[in-house]
Amino acid sequence: ASRILTISTGAKVTLTGMTLRNGRFVATGTPGTGGAILLTNSTLNLTDMIVRDNSVSSVPAPPPAPQVGPQGSGGAIYATNSTITLTNSTILDNVVPGWPNQGTAGGIDGTGTTNITITGGVISGNEEGAIYMGHKVTVMGSLIHDNPVSNLVTAGGVSGNHVSVSNSVLSGNRWGVA
């Protein structure tokens with residue numbers, strides 16, 4: 001399998017009523033990013049979507065390159081300097097490598113100035129956390145549940161520079177699961 005979508009600089013993409021499943025991105029010598037979607041300097045709107053069972057990892061580069069273990073970020077979605085809006089969508093059972101390899105966010109990993117807004121969503125069962133390091137993360141009327149973390153880097157539920165949660169349930173997101 002391979003990553004399902006790569007969205008490049010300046011794109012504005014809207015997806016409605018689909019399932020993105022079984023995307024897998026394996027990098028060589030660097031951490032893998034974005035099992036289902038890799039988003040760079042763009043806008044992504046997901047409405048009535050299911051993004052599930054996606055993963056990222058990495059394999060070592062050939063010697064003499066430094067060896068990198070099976071690392072990864074954003075099992076479902078990895079975004080850099082982008083805007084993500086999820087409406088009535090589900091991010092479910094996505095995977096990044098856990099301890100001791102320091103993977104981050106089986107759900108959504110946002111870097112730089114990435115803003116993430118989730119309305120009426122469900123984010124559940126994502127290994128190494130639900131949402132990691134969005135610049136601004138807004139969650140409204142959503143369920144973020146049972147996103148286990150085994151490393152020392154990620155929060156199980158939601159982390160970011162500016163986080164706002166309203167009328168939502170965050171439960172069962174836990175650190176220290178082997």
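The values are calculated or read from the model by the stated rules, or taken from the named source; none is laboratory data. Computed from a predicted model, the values in this text were never measured in an experiment. With ideal geometry, Cβ positions are generated from the backbone for all residues, glycine too; neighbour counts draw on all protein chains shown. Accessible surface areas use protein heavy atoms only, side chains included; no ligands, DNA or RNA. Shrake-Rupley method; radii C 1.70, N 1.55, O 1.52, S 1.80 Å.
State which residue is nearest to the chain's Cα centre (by Cα) when the search covers only the stretch 13-33 and only residues that are assigned to a strand (DSSP E or B), at pLDDT below 85 and under 8 Å from residue 56 (Cβ atoms). Result: 33.
Give me the residue from the stretch 126-178 that is polar (S, T, N, Q) and under 12 Å from the mean Cα position of the chain (by Cα) and, out of that set, modelled with the lowest pLDDT. Selected residue: 154. Once the stretch 73-88 is narrowed to residues that are surrounded by 23 or more Cβ atoms within 10 Å (Cβ to Cβ), at pLDDT 90 or above and not β-branched (Val, Ile, Thr), the residue that is farthest from residue 44 (Cα to Cα) is 76. Residues in the stretch 16-52 that are open to solvent by 10 Å² or more (accessible area, probe 1.4 Å) and over 21 Å from residue 111 (Cβ atoms): 16, 17, 18, 19, 21, 22, 47, 48, 50, 52. For the stretch 89-101, name all the residues that are within 13 Å of the chain's Cα centre (by Cα), part of a loop (DSSP other than H, G, I, E, B) and at pLDDT below 90. 96, 97, listed by residue number. Residue 56 passes every criterion in (1) within 14 Å of residue 36 (Cα to Cα); (2) modelled with pLDDT of 95 or more; (3) in contact with a Gly (Cβ under 9 Å, 6 or more places away or on another chain) apart from (2).
Scanning the stretch 31-63 for residues that are polar (S, T, N, Q) and over 18 Å from residue 116 (Cβ atoms) turns up 55, 57, 58. Suppose the filter is of a type outside the set (Asp, Glu) and modelled with pLDDT of 85 or more; does residue 104 pass it? Taking the combined requirement at face value, the residue does not satisfy it.
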